[in-house]
Structures are given as structure tokens and as C-alpha cells.
1. With the condition kept exactly as written, say whether any residue in the range 42-55 is part of a loop (DSSP other than H, G, I, E, B), among the aromatic types (Phe, Trp, Tyr) and touching a helix residue (DSSP H, G or I) at 6+ places or on another chain (Cβ under 8 Å).
2. For residues that are modelled with pLDDT of 85 or more and among the β-branched types (Val, Ile, Thr), scanning just the range 68-96, find the one that is farthest from residue 39 (Cα to Cα).
3. State whether the residues of the range 18-25 include one that is assigned to a helix (DSSP H, G or I), closer than 16 Å to residue 81 by Cβ and among the aromatic types (Phe, Trp, Tyr).
4. Within the range 18-37, take every residue that is under 17 Å from residue 51 (Cα atoms) and in contact (Cβ under 8 Å) with a residue 40 or more places away in the chain and give me the one that is surrounded by the most Cβ atoms within 10 Å (Cβ to Cβ).
5. Are there any pairs with C-beta distances below 9 angstrom linking a residue in the range 38-58 that is more than 20 Å from residue 86 (Cβ to Cβ) to a residue that is aromatic (Phe, Trp, Tyr) and assigned to a helix (DSSP H, G or I), with the two at least 6 apart or on different chains, and if so which?
6. Among the residues of the range 53-67, what is the count of those that are modelled with pLDDT under 80 and either of a type in the set (A, V, I, L, M) or under 16 Å from residue 34 (Cβ atoms) (or both)?
Amino acid sequence: MQDERLREDAKQLLRVAYERQVASGDVGLGVDLPTAAEVRGITHDSPYLATLVDYMEVAGWIEPDPGADPIGRGDVGMPVRRITERGTEVLREAIG
């Protein structure tokens with residue numbers, strides 16, 4: 001049950017991050033997870049956020065975005081992540 005909740009929370013965080021990115025007019029698959037987490041009531045330095053990001057990376061939903069500006073977006077120590085092909089499948093599932 002706990003794994004199911006972690007997966008669902010991670011999926012919703014990814015959805016919020018992607019929707020915020022699209023709403024801002026950004027093109028691409030780079031997402032700012034700390035900002036999306038704050039929208040969901042999770043602080044940027046929360047251990048739970050780190051757990052969600054780790055979960056998404058291990059599941060293959062996201063990967064570090066090598067082209068991202070580490071200062072311009074995302075928090076120090078939490079670079080912008082890029083959504084993978086598997087992550088886009090999860091997004092489709094989350095969006096409906």
C-alpha cells in the first residue's frame with residue numbers, strides 16, 4: 001500500500017510539474033520538480049521530495065537534464081529533470 005501511495009504521489013508531482021511548464025510556455029520536457037512540489041504543499045528541502053525524485057529516477061520517468069541552467073531553474077542540489085519516454089507514458093496515465 002505504501003509503494004502504491006509513493007507511486008501515485010510521484011505521478012501527481014510529475015503531472016503538476018509538466019502542467020506548470022506547459023502553462024509557462026516552455027517547450028520541451030524539462031520540469032522543475034521543487035516548484036511543483038511547493039504547489040502540492042511539499043517544501044523544496046523536504047526528505048519526501050527527495051524520495052519522490054529518487055522514485056521517479058529509479059522508475060525511469062525522469063533523468064537529469066544536461067542542458068538545463070542549474071541556476072536559472074530548480075533549486076541548488078535539485079537540478080531540472082527531463083521527462084523520459086517512460087515518463088511521458090506515466091503523464092498520459094495521470095492526465096487521463
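1. No; the residues of the range 42-55 include none that is part of a loop (DSSP other than H, G, I, E, B), among the aromatic types (Phe, Trp, Tyr) and touching a helix residue (DSSP H, G or I) at 6+ places or on another chain (Cβ under 8 Å).
2. 84
3. Yes.
4. Looking at the filtered set, the residue picked out is 31.
5. 42/48
6. Total meeting the criteria: 1.
The values are calculated or read from the model by the stated rules, or taken from the named source; none is laboratory data. All values reported here derive from a predicted model rather than from experimental measurement. In this analysis, Cβ positions are derived from the backbone assuming ideal geometry, glycine residues included, and neighbour counts consider all displayed protein chains.
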